[in-house]
Number of protein chains: 4
Amino acid sequence: MTEIGIGILGGGYMGKAHAVAMASVGAVFNTKLRPRLEMVCASSIESAERYRQAYGYARATADWRALVEDSKVEALVIATPQVTHRPAAEAAFALGKPVFCEKPLGASIDDSRAMVAAAEASGCANMVGFNYIRTPASQFVRKLIADGEIGDITWFRGEHTEDFYADPAAPASWRTNGAANGTMGDLAPHMINAALALLGPIESLVAEIETVHTNRPGGKVTNDDQGQMMVRFTNGAMGQMHFSRIAMGRKMGYAYEVTGTKGAIRFDQEDQNALWLYRAEGKESELGFRKILTGPAHPDYLPFCQGPGHGTGYQDQIIIEARDFLHAIESGEPVWPTFRDGMEVNQVVAAAMASSRTKAWVNVTDF
Amino acid sequence: MTEIGIGILGGGYMGKAHAVAMASVGAVFNTKLRPRLEMVCASSIESAERYRQAYGYARATADWRALVEDSKVEALVIATPQVTHRPAAEAAFALGKPVFCEKPLGASIDDSRAMVAAAEASGCANMVGFNYIRTPASQFVRKLIADGEIGDITWFRGEHTEDFYADPAAPASWRTNGAANGTMGDLAPHMINAALALLGPIESLVAEIETVHTNRPGGKVTNDDQGQMMVRFTNGAMGQMHFSRIAMGRKMGYAYEVTGTKGAIRFDQEDQNALWLYRAEGKESELGFRKILTGPAHPDYLPFCQGPGHGTGYQDQIIIEARDFLHAIESGEPVWPTFRDGMEVNQVVAAAMASSRTKAWVNVTDF
Amino acid sequence: MTEIGIGILGGGYMGKAHAVAMASVGAVFNTKLRPRLEMVCASSIESAERYRQAYGYARATADWRALVEDSKVEALVIATPQVTHRPAAEAAFALGKPVFCEKPLGASIDDSRAMVAAAEASGCANMVGFNYIRTPASQFVRKLIADGEIGDITWFRGEHTEDFYADPAAPASWRTNGAANGTMGDLAPHMINAALALLGPIESLVAEIETVHTNRPGGKVTNDDQGQMMVRFTNGAMGQMHFSRIAMGRKMGYAYEVTGTKGAIRFDQEDQNALWLYRAEGKESELGFRKILTGPAHPDYLPFCQGPGHGTGYQDQIIIEARDFLHAIESGEPVWPTFRDGMEVNQVVAAAMASSRTKAWVNVTDF
Amino acid sequence: MTEIGIGILGGGYMGKAHAVAMASVGAVFNTKLRPRLEMVCASSIESAERYRQAYGYARATADWRALVEDSKVEALVIATPQVTHRPAAEAAFALGKPVFCEKPLGASIDDSRAMVAAAEASGCANMVGFNYIRTPASQFVRKLIADGEIGDITWFRGEHTEDFYADPAAPASWRTNGAANGTMGDLAPHMINAALALLGPIESLVAEIETVHTNRPGGKVTNDDQGQMMVRFTNGAMGQMHFSRIAMGRKMGYAYEVTGTKGAIRFDQEDQNALWLYRAEGKESELGFRKILTGPAHPDYLPFCQGPGHGTGYQDQIIIEARDFLHAIESGEPVWPTFRDGMEVNQVVAAAMASSRTKAWVNVTDF
């Protein structure tokens, strides 16, 4: 076991989740690299100091460059707003330091491309934080599809739907401004990442994106409430996606279904420890979707659990990410999803926005 | 109570269902008009005679005109292939006889328009057999939405998916030929009808329709295996639909979700006696989709049932249709869905096919 | 095809259900015997005449003996209160006429024994109306267990729970008086029948039966609101049952689970077209309960349905009963559940009531 | 924030879970007391040292007394076999040190009573590790019932069922020997604790406990595979419980249903982030169980989560326990479940075992 000093930009929601994950991951997964919470950076020294105490960092700063350049900070986690992603990542890569960056990768497709270039030029470990795809259930789905267990894929449907802005009377906030804070920046990347992970590249798409509630108490809404798209994957499958922050009743509607020539799979993060598998084999009288509870037989199941039924929660997803980031650092091998994977998600989002403007099908590779 | 002589064209699957329904409906719903199974018509006199005996008709014929023109046949049910719909309906309306016609209404949009014209000119009762929408659950959903119980609708998703052709090795048959026998002719009309019934007209759409398995043992496949579309309703809602006969694992995937500003609804015909309702009111800690089992408190629940939980089945849907057709005849008032409603479904199908060819958004009213 | 004249005692809830079933069963199942609704008997000639007209009987009477003895009444359906079951059945058997009797068989265990003796002495077809067990799902469960598909049974849990008297303010009625109208007479027989059908005889039991709401608006409650028992089956399995008319939230809680050494099964009538099967075979990563929708591959699935997903409803259960009763008459072979099966259910109920009084385990065969 | 030195007896399954929890709880809940992993004790110094390194303890020992008496160990977590619970707890209380003890509390009812006496005499914080009851869902259920939201309770059904010994060919192991390792020692305490927590004391019960598979490869089985009981709660409700390690198909069948005069609740740990609530109020047409996903509106929801749908997992339950233990230490107030609560669970288990031997109802307070 070797210690590694971790610096985290941000101490808010995701910053905290990563701090807890880095503090737990060694014990949970018995990793070779053992994180040490070396330094946290926040917008003011007061809040940084508060995070330091609360989460157990050695040091605090309000200067992100100081953190990145600190010799005891050996790897970086970026959990600050998107405009900060590119400069911080570039600075870290320039110093040969691995970077884990929250999604979406860049504030723009150009930022994302630059970040991929910097990451790949440096040869450093680089990962993007699409944490929902890391549940044992979704990792098992990936494997089932990759192994051809449900045959050739003919259909995909995915959604990332929540309802935190479903009430038209909910007031405007920072979330209702800024392209990256709308549904396409906030929720869509998770499900697009899932689609790409499960079926491979999207070739073309047609999309619609809209602001349903254009005025809210406290101001105009300048970003999108919901979007939909139809896609063609390179593998020939057709599919649909839907993203919404006004999906009344949905709390964590990260859900997908994949249909193949030999079976089908369904998943919904609202019941994150289960997946539904249909195999077109055996007696006709016994065909049906089976509800599989994740357990030790599945990839990424938390190793302290003896048997199936010991549920995985949200924080566990972040711990699994931390394990994989440590593994990427240690092995020198790229670990999915890399910055390149993150950039491909940005590309689909950009294509969708363009399609929505022109009301026409577009090729994703044009973006 | 007054007897009414019923003539049914077709003794196959739907012909039988309507015969059973006409024989039961009087007792079940205590209708004023009491059907008498007067005559059945089939493609040969032998099979017609067989149906007569099996289902209890007074007479049998292989000549549809003879049935339509028979003086004891006072109302017509058409359950023969689509090319037969128009001539039979026109002949009946010319004689002032009410017609119940299976979906889809016409073999072409022109046929459908002619049938609507004939029906409306005659002033006769006319209905189309979209039976799935007639479950107590779906009728309650219609009412909830119409009453504004879930607010303004922002989103619709519907599918009619089954898997009877999911196996690529399933042999070619009459079902794999003929435009009206593909998914867009066979399954899509049901869900399009539901969409129109629940949200009102569709203004525009973009669609993709495809034959996934172009060759099957026994021959080429010349109609569609699956389709998808994105739509805009006139009321402003956006939505998606999907239709498939290759949806591995789905047996009766007639399912929809409707999201509004005050709530949401979900339904799946695979559990046809339940609907899921979310209302954004009450304590936050108690919000959730509730599973409502249909019962006496819901429209169209079968009246012999004392309490909730006495399930409605497929045959019951046809009995409910029979009741409503009798009511239309007796009252002289149009009963939904009329031929005009059926024609509007054909229009959306035609628009979808055109959009799929041109890869562009189309206005439904152009078709 | 041969006609058979049916006489039905009772035109209320179950009387109507049987009338509709007898009118439909020939067409639905293409039976050799074709029922003719010959005569209905009700408590007054006025109501009998009303039933005659509503359900399509040839004749009506208020004299049950007249009906039983009428030469055109060739088979009897008893759907009147329990005290009437014995005399009517005995009279019919004395004339060599088959009898279908609603559950519970007799008003007392003595009545039931006498009815079994009369039935068996006559050699006539005799059946009891435990209709819930006749869904395709439950018939498939019976077969799976009988075929050893889930191994040796180790555990059974069953309930028949509804909530029509859950509200303490619901007024007293005929249902709150009379031993046979309480939960043990009304609901328990269905689930006890299921237990016996699925696992075989119950050897011993300990039970508790109680009236929770002893006073209701309009009067004292003199029968039971709920009961519970623990049982030992002759095959060695242990199990529990629960019966309640105050089970708030349950509408048709006819539900059971059966665990064996090779698998397990779950069923709930509130979703009557599905069963859940777990098989302990195959890859550990894919083990799970599968949700099987009933269809043509299952016993008793209604034959007019082409594919799975065409739901069976409550009325269909009664039609299936009618088919089996006709088959018993025609074949001369006993068809399950016979009067003897019905009497065994009475025996378990009697044992449970005795156990509840003495607070001790009892042997069922002592009753 | 004040540091507190934690000593943990045991580094196996639960020892690890508590180590991870103690390392995370400060950051997750921003506790005032901040645990320091001071010392771990295992059966050999080698394994203790291995745990030390893996989980980040300062020191390791194979001498439990050394750990308990160490001045830097300020609070004790006992996660070793049950025979060790009493001496370790007594030693700690004698030194005035708080103790958190895994369930079941003592190896015998006498041990449990002695432990309660020692705990209460010392005035130290004392808690028992019934972790499943600590999910946000179950904590919310407790509150709903306590607040009278579902009225007077009339019915309870609970089970703790798993299938890790369902296969008759699974070999004998330490789990198939020793009273405390059977189902009544291992699984039953969790659900009995839930029953007591939700409904209050059990007055009397009748039970059956059995070893279904008496021989397994590798040896005789000397403890119980499954058990069942019927109970009467002091509040008048009746109920049933079932416990099994041979419940084929069940992975974490910690499930209960509670019925009251105004509503009902259902929960199953296999979907641990949801509970089902039925309220008998509002329009009859909209009554139904609603599926509530736990979120910020519920007690004990993990505070780093912004919104509902961020699932709680097994490890989170242990973190919540750690928080409450720290709170008990800090506040000097007893925090549920105390040793006394744990002892009451032992009492019900002892009563059940006696009842099973005598085949008679017993009063729980006699044990």
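The values are calculated or read from the model by the stated rules, or taken from the named source; none is laboratory data. Only a predicted model underlies this, so the values are computations on that prediction, with no experimental measurement involved. Cβ placement follows ideal geometry from the backbone for every residue including glycine, while neighbour counts extend to all protein chains displayed. Protein only, heavy atoms only, side chains kept; ligands, DNA and RNA dropped before computing areas. Shrake-Rupley method; radii C 1.70, N 1.55, O 1.52, S 1.80 Å.
So the values come out like this:
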item	result
Charge dipole of the range C:2-130 about the Cα centre (unit charges at C-beta), most positive-ward option of C:Gly26, C:Val128, C:Val68	C:Gly26
For D:Glu3, distant residues with modelled amide H under 5 Å away	D:Arg34
Assigned charges on the beta-carbon of Lys, Arg, Asp, Glu; chain B dipole about Cα centre (debye)	340 debye
Under the Karplus curve 6.51 cos²θ - 1.76 cosθ + 1.60, θ = phi - 60°, whole-Hz ³J(HN,Hα) for the range D:16-30, x wherever Gly or Pro sits	5, 4, 6, 4, 4, 4, 5, 6, 9, 4, x, 5, 5, 10, 6
Per-residue mean of C-beta atoms belonging to partner chains within 10 Å, peptide C:237-248	5
Solvent-accessible surface (1.4 angstrom probe) belonging to D:Glu284, in square angstrom, nearest 10	120 Å²
Virtual paramagnetic centre 7 Å along Cα→Cβ of D:Lys283, amide N under 19 Å, in the range B:133-159	B:134-154
For the range B:131-166 versus the range A:251-293, the gap between their alpha-carbon centres in whole angstrom	23 Å
Candidates A:Gly260, A:Gly307, A:Gly342: whichever shows maximal mean-square fluctuation once chain A is modelled as a Gaussian network with Cα springs under 10 Å	A:Gly307
Ranking by accessible area, most exposed first, for B:Lys359, D:Lys291, C:Lys32, D:Lys97 with a 1.4 Å probe	C:Lys32, B:Lys359, D:Lys291, D:Lys97
For A:276-285, mean number of other protein chain Cβ atoms within 10 Å	5
Rule-of-thumb Rg ratio for chain C [Cα; 2.2 N^0.38 Å; N residues]	0.99
Alpha-carbon centroid distance for the pair the range C:324-367 / the range B:37-51, whole angstrom	46 Å
The protein assembly as shown - share of DSSP beta bridges that are antiparallel (%, nearest 5)	60 percent
Cα Rg, Dmax (largest Cα-Cα span) when computed across the protein assembly as shown, Å	33.9, 106
Area accessible to solvent at D:Leu293, 1.4 Å probe radius, in Å²	20 Å²
Average partner coverage of B:312-322, which counts Cβ from other chains inside 10 Å	5
Residue-by-residue Karplus 3J(HN,Hα) for the range B:88-100, coefficients 6.51, -1.76, 1.60, Hz, glycine and proline x	5, 5, 4, 5, 5, 4, 4, 8, x, 9, x, 9, 10
The range A:2-130, accessible area per residue, ligands and nucleic acids excluded (1.4 Å, Å²)	35 Å²
Charged-residue dipole, Cβ positions (Lys, Arg, Asp, Glu), the protein assembly as shown about Cα centre, Debye nearest 20	0 debye
Accessible area (Å², 1.4 Å probe, nearest 10) - D:Asp63	80 Å²
Within the range A:124-225: Cβ-based charge dipole about Cα centre, in debye rounded to nearest 20 (Lys, Arg +1; Asp, Glu -1)	340 debye
Using θ = phi - 60° and Karplus 6.51 cos²θ - 1.76 cosθ + 1.60, couplings along the range C:60-77 (whole Hz; Gly, Pro as x)	9, 8, 10, 10, 5, 5, 4, 4, 4, 8, 4, 5, 7, 8, 9, 8, 10, 10
Protection-proxy order for peptides C:225-238, A:163-176, each taking the mean of Cβ atoms within 10 Å per residue, highest first	C:225-238, A:163-176
Size descriptor, Kirkwood hydrodynamic radius, that averages inverse alpha-carbon separations across the range B:2-130, Å	14.3 Å
Residues A:Asn215 and B:Asn363, FRET efficiency given R0 of 25 Å [Cβ-Cβ distance, rounded to 0.05]	0.30
Listed residue pairs exceeding 25 Å between alpha carbons, taken from B:Lys16/B:Lys143; B:Lys143/C:Lys251; B:Lys32/C:Lys72; A:Lys291/D:Lys283	B:Lys16/B:Lys143; B:Lys32/C:Lys72; A:Lys291/D:Lys283
